[in-house]
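These notes concern the structure reproduced below.
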Number of protein chains: 2
Amino acid sequence: VITLYDCATAPSPRRARILLAEKGVPHATVQVDLRGGEQFGEAFRAVNPLCTVPALRLEDGRVLTDNAAIIAWAEAAYPEPPLLGTTPLEKAEVASWQWRVEFEGLIAVAEALRNGSPAMAGRALPGPVGYEQIPALAERGRARIGHFLDALEQQLATKDFVAGAAFSVADITAVVTVDFARAVKVRPDEQRHPHLLRWRERMGERPSMAA
Amino acid sequence: VITLYDCATAPSPRRARILLAEKGVPHATVQVDLRGGEQFGEAFRAVNPLCTVPALRLEDGRVLTDNAAIIAWAEAAYPEPPLLGTTPLEKAEVASWQWRVEFEGLIAVAEALRNGSPAMAGRALPGPVGYEQIPALAERGRARIGHFLDALEQQLATKDFVAGAAFSVADITAVVTVDFARAVKVRPDEQRHPHLLRWRERMGERPSMAA
């Protein structure tokens with residue numbers, strides 16, 4: 001059986017849950033208590049030495065230790081429906097937007113939260129190494145989220161999905177990022193981001209998004 | 001004809017040059033003067049509004065605006081030799097290491113350089129928006145590079161290539177990252193990173209690396 005190491009309240013494993021639901025990959029789920037620090041314990045380190053979720057244990061016992069691995073594996077092992085594009089140009093668009101949403105959006109939200117929340121002191125980056133918070137980075141993260149929402153709005157003003165004409169992993173990452181931004185009290189604005197908000201509403205109609 | 005918008009001295013377009021050489025993609029090259037700010041001029045903004053290189057203009061005039069897009073397109077349009085893995089598990093390993101090298105390595109070097117170099121004042125992130133330098137982020141970047149080199153050493157102690165048994169995009173990104181780290185005076189250490197140094201030497205024997 002395939003097992004997803006998950007944390008119901010965290011954004012990164014939510015990406016994997018939605019992906020597995022879209023692909024229809026049958027799997028068991030194990031919750032990891034991130035607030036209680038279970039990811040740093042010996043038992044979870046034996047699963048994923050990087051101390052992060054999601055991690056996906058395959059039938060043969062091999063463990064995929066991040067979303068990048070899980071997405072690439074799922075697209076190859078469960079090709080339908082395709083979530084990384086079909087033609088060379090579509091694949092390029094999906095890869096580009098997936099990268100932009102991660103780098104300009106998701107990382108910016110994480111920077112804002114992890115460098116600004118007292119609960120994250122000494123934990124400014126995920127993983128086994130502890131890094132001190134940098135308050136200026138929290139502030140820069142918030143500014144970047146604003147620019148990211150504007151870029152997403154511009155794209156969705158003429159496209160139905162983040163990477164163009166079809167639903168893809170870039171939509172999954174963008175939904176998770178936009179929702180995660182609420183944790184630092186940033187939300188799309190009705191006047192400034194109308195297309196983004198309509199896209200988010202359409203995304204909410206997909207059963208996978210409740211995963 | 002396919003055209004690469006390049007800058008001979010910058011790390012990001014070097015990734016694209018090596019990739020195109022490995023794939024044998026015939027193309028013309030246009031140099032963009034990053035030090036002179038040509039990427040912010042009207043002419044280059046018409047090519048890539050993100051104001052970054054590499055950008056790759058395809059035969060039909062469409063422009064790929066980042067390495068993520070260029071890699072995905074090249075793998076689909078020029079499948080041989082495969083650089084993103086072949087089996088689902090290989091694809092997962094390549095995607096995971098590509099992501100780790102970018103996030104733990106390349107971004108860390110960029111943080112160290114862009115937040116610490118007087119020449120980069122007001123340009124702490126690439127792209128059209130100017131961000132002020134954060135000195136503590138330069139320092140954190142240097143610490144992260146050290147952890148990244150250790151992680152790479154650990155992987156290369158038992159593997160011939162970064163993502164396992166075959167050459168992949170993760171090797172390209174890792175070569176560029178390790179070489180780029182010299183810009184902030186960080187180099188692998190003969191005692192601490194012997195396998196990494198032997199891998200780097202083997203990589204240097206590939207004709208693509210001179211691209």
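Some points to look at:
- A:Thr29 long-range amide H proximity, modeled H, under 5 Å: A:Leu4
- Directionally averaged projected area (convex hull, Cα atoms, the stretch B:64-175), nm²: 7.9
- On association of chains A and B, roughly 3100 Å² of accessible area becomes buried (total for both chains; probe 1.4 Å).
- Shape parameters for the protein assembly as shown, alpha-carbon atoms, Rg then Dmax in Å: 20.4, 59
- Springs between Cα atoms under 10 Å define the GNM used for chain B, and in it the highest mean-square fluctuation of B:Trp97, B:Trp199, B:Trp73 occurs at B:Trp73.
- Under 5 Å from the amide H of B:Cys7 lie the amide H atoms of B:Val32, each residue being 5 or more positions distant or on a separate chain, with H modelled from the backbone and absent for Pro and chain starts.
- Shortest-first nm distances, B:Asp150 label point to equivalent points in other copies (7 Å, Cα→Cβ): 4.0
- Placing +1 on the Cβ of every Lys and Arg and -1 on the Cβ of every Asp and Glu, with no other charges, gives the stretch A:103-211 a dipole of roughly 160 debye about its Cα centre.
- For the stretch A:1-86, DSSP calls about 55 percent of its internal beta bridges antiparallel.
- Using only Cα coordinates, the Kirkwood hydrodynamic radius of chain B works out to 17.8 Å.
- Bins of 5 Å, starting at 0 and running to the largest distance - Cα pair percent for the stretch B:29-83: 4, 19, 26, 22, 14, 9, 5, 1
- Chain A - mean residue ellipticity at 222 nm from DSSP helices (-39,500 (n - 2.57) per run, n ≥ 4, rounded to 500): -14000 deg cm²/dmol
- With a Förster radius of 60 Å applied to the beta-carbon distance between B:Asp160 and A:Gln191, the computed FRET efficiency rounds to 0.60.
- Calculated log₁₀ intensity ratio I(q)/I(0) where the Debye formula runs over C-alpha points of the stretch A:1-116, q = 0.14, 0.23 Å⁻¹: -0.63, -1.38
- Virtual spin-label span in nm between B:Arg206 and B:Val1, 7 Å along Cα→Cβ: 2.7
- The stretch B:118-211: GluC sites (Glu not before Pro) falling in loop per DSSP and having at most 14 other Cβ within 10 Å: B:Glu132, B:Glu190, B:Glu205
- The protein assembly as shown, dipole about Cα centre (Lys/Arg Cβ +1, Asp/Glu Cβ -1), debye to the nearest 20: 740
- Between B:Thr52, B:Val101, B:Gly37, the Cα set farthest toward the positive side of the dipole of chain B (charges on each charged residue's Cβ, about the Cα centre) is that of B:Gly37.
- Mean per-residue shielding of peptide A:58-71 is 4, counting Cβ atoms of other chains within 10 Å of each Cβ.
- Span-like helix check, chain A: qualifying full DSSP H segments, with Cα axial length of 27 Å or more and mean Kyte-Doolittle of -1.0 or more, are A:135-156.
- Solvent-accessible area assigned to carbon and sulfur over chain A amounts to 54 percent, based on a 1.4 Å probe.
- Surface analysis of the stretch B:56-199 yields an accessible area of 42 Å² per residue, using protein heavy atoms and a 1.4 Å probe.
- For the pair B:Thr87 and A:Thr86, a Förster radius of 22 Å applied to the C-beta separation gives a FRET efficiency near 0.65, rounded to the nearest 0.05.
- Residue ranges B:171-178, B:44-51 sort as B:171-178, B:44-51 when ordered by packing (mean number of other C-beta atoms within 10 Å per residue, highest first).
- Checked against a 18 Å cut-off, the cross-linked pairs B:Lys23/B:Lys159; A:Lys91/A:Lys159; A:Lys91/B:Lys159 give Cα-Cα distances beyond that limit for B:Lys23/B:Lys159; A:Lys91/B:Lys159.
- Bridge type composition, chain A - antiparallel percent by DSSP, nearest 5: 60
- Probe 1.4 Å - accessible area at A:Ser12, Å² to nearest ten: 40
- Taking a sphere under 9 Å around the Cβ of B:Asp6 and counting the other residues whose Cβ falls inside, with K and R at +1 and D and E at -1, yields a net charge of +2.
- Calculated P(r) tail over 17 Å for the stretch A:134-187, as whole % of Cα pairs: 41
- Members of the stretch A:87-117 that become less accessible by 20 Å² or more once partner protein chains are added (1.4 angstrom probe, chain alone as reference): A:Pro88, A:Leu89, A:Lys91, A:Ala92, A:Glu93, A:Ala95, A:Ser96, A:Trp99, A:Arg100, A:Glu102, A:Phe103, A:Ile107
The values are calculated or read from the model by the stated rules, or taken from the named source; none is laboratory data. Please read these numbers as outputs of a predicted model, since none were measured by experiment. Quick reminder, even Gly has a Cβ in these numbers, built from the backbone with ideal geometry, and neighbours come from all protein chains shown. When the accessible area is computed, the model is the full protein with side chains, heavy atoms only, and any ligands, DNA or RNA have been set aside. Shrake-Rupley method; radii C 1.70, N 1.55, O 1.52, S 1.80 Å.
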